[in-house]
Every structure is written in C-alpha cells, then in structure tokens.
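What follows is calculated from the coordinates using simple rules that are stated; it is not laboratory data. The structure presented is a predicted model; accordingly, all values stated were derived computationally and were not measured. Cβ placement follows ideal geometry from the backbone for every residue including glycine, while neighbour counts extend to all protein chains displayed.
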Amino acid sequence: PYTEAANKITDDIDVCDVAGIFEKLKQCDFEMFEPKGQQQYFFQTLFHDDVIEAISKVANIAADIMTSQTPNAIVISGCGTSGRVAFLTARSLNKIVPGEKFRYTIAGGDKALFTSQEAPEDNRKAGVNDLIKSTIDDVKVLYIGITCGLSAPYVAGQLDYCMDNLDKFVPVIIGFNPVYLARKNPIYDWDKTFYDVVTRLERLTSQRKGFLINPVLGGEAITGSSRMKGGSITMVILQTIFTHALNGVLTSSDMTSQLECKNLLKSYQNTCRLFYESSTTTVTTLMTSATQSLKSNSSVYYVSSGGSGVLGIVDSTECIPTYGASLDDVRGFIVGGYGEFNNAEGDIGSLGKNYQIGCDDLSKLLKLRDLEHNDTILVVAKSWDDPVLNEIQVEKDLGTQLKLVAASQSNVYVVVIDTEQGKREKNMPDYVAKLFVISIDLNEELLSENLIEICSKWIFNAVSTGAHVLIGKVFRNYMVDLKVSNQKLFHRSIGIIQRFCPSVSEQEAMTYLLKSIHDVTNVDDVMHRSIKDHVLRATPKDKVVPTAIVMATTKCDVTQARQLLSKYHVIRDALSSVVTP
C-alpha cells in the first residue's frame, strides 16, 4: 500500500543534518498537493476531478444537516491520529455551528486522545457500539470514517453498519490508498475484510448513497507514519468540506461549485509553500535544541492555546508508539486545560500524568523538576493576541517557573505565527532564549484559523520527527523501534523485517517477529495463537522489531540479539553493524 511505502525522498534522512531533514520534510509535505512518481499518473490525487466532486457533494450534505431543525448529526471517526483529527474537527466546529451537531468517536475512547490505545483499532464491534451510542437520538447522520491505509477494523465495523442502515446514515470514507490496496487480512471475529467493506461502499458511490475520498499522496517521510502527511491532509480535506458547507450556508452560494472547493484546497497548498519558505531558521533551531534535550535524557514541552494546543498534545502523544519514546520525552500542554480542550468525557487528569494537560500541570511539573535538566520548552502562538503569551509572563505561575528553569540549563523558545504584518509585537519576557516570527500573508479570512493551526502542526511534527531522527530512532526512513500494538503494526513489522532482510520470506519474517515477541527459540508453541494474542504480548515490550532484524540477519537466537542491541545506545548504529545496505 502507498501509505506503507518508503519515500525515496527520505531514504537517507537518518544521516542528514537539521537543514537536510527540514528540506526533506518540506518536499514530502509538498507531495500532498503535487505528488511525484507514478501515483500522479495512475491514481487519483488531491486535485483530481472525482476527489473534488466527492468533497463538494459531502459538503452539500453537511450544509443540510448543519441547518436542519431535526435532530441530525455529523459523526467523524477514526483510530490513533485519525481519531484525534476527528476530535479536533468536531471540537472546532461545535464552537461555530449551533446545536452540538458534530460528534467524534475514537477507538479506545478519550484516553486515546492522550495515550496510545491502539489495540481497540482491531475491535470492529466496539466501533459499531460507539457509533450507535453517539447517534441513538438522531434521525439523519453524515458519517465520516478516517483510515489512512483503508485498514482499521474499528472503522470497517462502523462503515458496514452505516451501509446496513442507509435510511439513517450517509457513509463517507477518507483514506489514501486505491481501493484494491485496502487491507485484505481477516478481521478478528468477523467474516469480512476491510477490502470487502470498502468495495461495497464503492458500489454505493455510483448511486450517491455513499462517498469515497481517497487521493494517493505517496509515502510518508518516515515510512508508515501517518501522523504526518496523512494527518495533515485529513485536516485539509475535513476543513475544506466544512468551510465549503459553512460558506454555502452563510452566503447561499452554489454548493455544487467544485471551483470553490479547488480554490479552498489551493489556499492550503499556498500556505504550505509560504510556511516552509519562512520557517527554515525557526524549525532547524528548534530541532537542534530538542535533539540536545533528548540526548541528555531531558524533555521537550509544547505550550499553546486552542486548536494549536490540541495539536501539540496530539504530536507528543504519537511519539510514544512511533519512536518508542517515553511519556516524559515529549509532552504537550494547552492554555485552559480541560476547560479549553473540551473532550466528551471531560477532565480525566486523575488517570495519571499522561492526562494532565493544563498550564498549571506544567507549572507543577517544573517546580518538582531537577534544574540540571536541559529541557526545550516551545511556546507556539497563533497571533500577538494569543492568550499563551500572557501565560508565560513572569507575573503568572507558569512564567515564574519558566524563568527559573531558563536561568539554569533549559531553553524557552516562542514562535508567533504572524498573519497581520505591521501589528505591534508584544514584549517577551527576558528569559526567552529566542523569539521567532513566522510571517504568512493568508488573505483568507474564512480559513485563517484553520491555516494557522495546520502551520502549528507542521512545526510540532518537524521538531519531534527531526529530534528522533537525530538521536538515532530511525534507520534509513523506517521507524524500526515502533510499538507492535495492533494488527496494522504487526503486519507493518513483518514488512520492515523483510525490507532489511531481503532473503527472508514473509513467513520467516513472521517467525523472527514471534521469537522476539515471545522470547522463544522455537515458535511451534506460539504460532497457532491469534494476532490479537501476539499483540497483547508485544505491546509493553521494547525493541521488538530491531531484535527480530538482528536475528534474521545474523541467525543468532533472541538472547544474543538482545545482547548485541544492548551494546549500542543508538538503534540505528546497532542495525548498521549487522545490516548490509
């Protein structure tokens, strides 16, 4: 699948410096709008007429629901990154559209907004139950399921349920593979695959009873890391749908206008270009600081408000399964805490520090923290009037703590995304190591908040990706130290083993993976177990895939493989010692 394919642009990203990493991330993000390679000739891309038409028609349905006086709803759903983008979108739109019309469901519930809860992705029954619960009192529902690889069982169950109940639901799927590459592996406790379900939807599209939005974007900068391009283009598509719908409601414009849709998408393309043109120094400096923090066993903290605050939390959450990071490596905080976050289950901070997300939580953390830490604190403001800039003033508790840590070895950086050139700058506290201003002339009043938020996402993604690449968490452009925490990642892990051990068959790759997961030399006693059982065993373990690669390459046993890996602080160095390029 294209969502799992390595991107040639970043084949050597693991040996690049910060400038090289920034350039490669830029080129990969540009591919969202202008794909390179065979996908631009053989598959639908973002500006393909069929994609534009589907977006426009879904916007038309959304407008009807948004203005309806009957109990109708728009439900956006997904797993992991996709579910977090669903939440962000529903949260933002409920502030604009009266009646709480927008809902979200995410595999694993609200805990999955802050921590990796990826096993529920494989539970299609949970998906159906969440959807029924969310829409029990509604007459008509626009359902938008997001699954970048056309693979998530949680979404497949919901989609199938919608198609069984077309009198109530209009099903839409957003993904980034052609249908023939949808996952064909059996779904646990079901007689259908994702491919079966999405081909059924494809048949309904000709009758306008369902919609499939699946442009092909090319491989991610870090192979399979859909939190990056996948998450960004999901935001672009959803925001285009609902901005188009809102514009039609407010102006009574022609809701079938595909030209308006295309112009909205071009606004995002232009913003992407302007962002990368104006942020080189900012992002490379932040990458360097974050790398130094992680190398010294210190932390990277993001602080923002509103949607940018949500995106900082999302980015930090995704570092754990993607890079095998610890909770304390990268964390995000939002001005106003849960009162501003506005998730369905409310304040769940009592569940542990993973779920403590307010500025007061960061203040408490810094008070207890050893001043010898070399932390990077990144404050991202969406304008000079952003409330986060008040929170960091020394009169505030957070500002007081930031001043103390900055006087030691930590660095506090402020980034202001300035779309109002000429407006007077706010004075920064003396403890701020550097103020960066990213000036972007948007000329899109209706879209400005969305465009600023996606710029903040690109900042967070680049900083965390660059830092983890530079500390050796990536081998070539593969996240080899990923958590094997669901069915998708189980199959991805087999593919990674084969990628670095070309002489190994798929069956042999799975055998090495199972040896690593179960710490056995013979897999006869575990081979018959379900993938679900293997995942449960693998989820809490570290270096599962690197251990399997070492075994497959050197033909040693699992104990010897772990001993070899333990000699190296950097996984890339360990694998480089045994894998021939």
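For the stretch 106-205, state which trypsin sites (Lys or Arg not before Pro) are in a DSSP loop and have at most 16 other beta carbons lying within 10 Å of their beta carbon. Please report the intermediate quantities before stating the final value.
Numbers: sites: Lys111, Arg124, Lys125, Lys133, Lys140, Lys168, Arg183, Lys184, Lys192, Arg200, Arg203; in loops: Lys140, Lys168, Arg183, Lys184, Lys192.
Sites meeting the loop and neighbour criteria: Lys168, Lys184, Lys192.
Find the relative contact order for the stretch 370-467 and round it to a whole percent, using C-alpha pairs within less than 8 Å whose residues are 6+ positions apart.
27 percent
Can you tell me the length gained on complete extension of the stretch Thr580 to Asp50, counting 0.36 nm per residue apart and subtracting the Cα distance? Don't jump to the answer; show the numbers that get you there.
On the way: separation 530, 0.36 × 530 = 190.80 nm, distance 4.37 nm.
Net length gain for the segment: 186.4 nm.
Just check the stretch 327-409 against the gyration tensor rule for me: Cα atoms, a ≥ b ≥ c as the square roots of the eigenvalues, rounded for a/c under 1.5, and otherwise prolate or oblate depending on whether a/b exceeds b/c. Write out the running numbers ahead of the final one.
Numbers: a/c = 2.00, a/b = 1.22, b/c = 1.63.
Note, shape of the stretch 327-409 comes out oblate.
Net charge near Leu398: determine it from the other residues with C-beta under 12 Å of the C-beta of Leu398, scoring Lys and Arg +1 and Asp and Glu -1.
Working: positive: Lys364, Lys367, Lys396, Lys403; negative: Asp360, Asp361, Glu391, Glu395, Asp397.
Net of charged neighbours comes to -1.
By what distance, in whole Å, do the Cα atoms of the chain stretch along each of the three principal axes, largest value first?
In descending order, the Cα extents are 68, 63, 46 Å.
Quick one: grab the alpha carbon gyration tensor of the stretch 175-317, order the square roots of its eigenvalues as a ≥ b ≥ c, and give me rounded if a/c is under 1.5, else prolate or oblate depending on whether a/b is larger than b/c. Walk me through the numbers on the way to the answer.
Details: a/c = 2.41, a/b = 1.32, b/c = 1.82.
Oblate shape, in that a/c is at least 1.5 and b/c is the bigger or equal ratio.
Placing unit charges on C-beta atoms (Lys and Arg positive, Asp and Glu negative, everything else neutral), compute the dipole magnitude of the stretch 342-468 about its Cα centre in debye, rounded to 20. Don't skip to the end; give the middle numbers.
Details: 12 positive and 21 negative charges, 93 e Å.
It works out to roughly 440 debye.
What's the longest uninterrupted piece of the chain once you rule out the GluC sites (Glu not before Pro) that are loop residues per DSSP with at most 15 other Cβ within 10 Å?
Working: sites that count: Glu100, Glu345, Glu372, Glu395, Glu420, Glu425, Glu445.
Result, exposed sites excluded: 101-344.
Using only the Cα atoms of the stretch 279-470, build the gyration tensor, take square roots of its eigenvalues as a ≥ b ≥ c, and label the shape rounded, prolate or oblate: rounded if a/c is under 1.5, else prolate if a/b is larger than b/c, else oblate. All intermediate terms of the calculation are to be shown ahead of the outcome.
Numbers: a/c = 1.29, a/b = 1.21, b/c = 1.07.
Note, shape of the stretch 279-470 comes out rounded.
In whole percent, what relative contact order does the chain give with Cα contacts below 8 Å and a gap of six or more residues? Walk me through the numbers on the way to the answer.
Working: 1100 pairs, mean separation 86.4, N = 581.
Answer for the chain is 15 percent.
Hand me the trypsin sites (Lys or Arg not before Pro) from the stretch 516-561 located in a DSSP loop with no more than 11 other Cβ atoms within 10 Å, in residue order please. Please list the in-between numbers first.
Details: sites: Arg529, Lys532, Arg537, Lys541, Lys543, Lys555; in loops: Arg529, Lys541, Lys543, Lys555.
Passing sites in the stretch 516-561 are Lys555.
Of all trypsin sites (Lys or Arg not before Pro) in the stretch 1-103, which ones are in loop regions per DSSP and have a Cβ with at most 16 other Cβ atoms within 10 Å?
On the way: sites: Lys8, Lys24, Lys26, Lys36, Lys57, Arg84, Arg91, Lys95, Lys101, Arg103; in loops: Lys36, Lys95, Lys101.
Sites meeting the loop and neighbour criteria: Lys36, Lys95.
Taking Cα pairs under 8 Å and at least six residues apart, what relative contact order does the stretch 2-265 come out at, in percent? It would help to have the intermediate numbers written out before the result.
Working: 485 pairs, mean separation 73.3, N = 264.
Relative contact order here is 28 percent.
Extending each Cα 7 Å along its Cβ direction at Arg200 and Asn522, get the distance between those two points in nm, one decimal.
Going from the Arg200 label point to the Asn522 one covers 4.4 nm.
Points 7 angstrom from Cα along the Cβ direction at Asn129 and Ser296: gap in nanometres?
According to this spin-label approximation, the distance is 4.8 nm.
List the lysines whose Cα lies under 23 Å from the Cα of Lys168, skipping any in the same chain that are fewer than 8 positions away.
Lys57, Lys101, Lys125, Lys133, Lys140, Lys192, Lys209
In nm, to one decimal, how far is the Thr115 label point from the Glu425 one, both placed 7 Å along Cα→Cβ?
About 4.2 nm, to one decimal.
Taking 2.2 N^0.38 Å as the expected size of a compact globular protein, what ratio does the Cα radius of gyration of the stretch 487-576 give against it, to two decimals? Let's see the in-between values first.
On the way: Rg = 12.1 Å, N = 90, 2.2 N^0.38 = 12.2 Å.
My calculation over the Cα atoms of the stretch 487-576 gives 0.99.
Go ahead and estimate [θ] at 222 nm for the chain from helices alone: -39,500 (n - 2.57) per DSSP H run with n ≥ 4, summed, over the residue count, rounded to 500.
Numbers: 22 runs with 277 residues, N = 581.
About -15000 deg cm²/dmol.
With the dipole of the stretch 90-200 worked out from charges on the C-beta (+1 for Lys and Arg, -1 for Asp and Glu) around the Cα centre, which of Val172, Tyr188, Tyr161 lies farthest toward the positive end?
Farthest along the dipole direction, towards plus: Val172.
If you place +1 on the Cβ of every Lys and Arg, -1 on the Cβ of every Asp and Glu, and leave all else neutral, what size is the dipole of the chain about its Cα centre, to the nearest 20 Debye? The partial results should precede the final answer.
Numbers: 58 positive and 68 negative charges, 179 e Å.
Computed charge dipole of the chain: roughly 860 debye.
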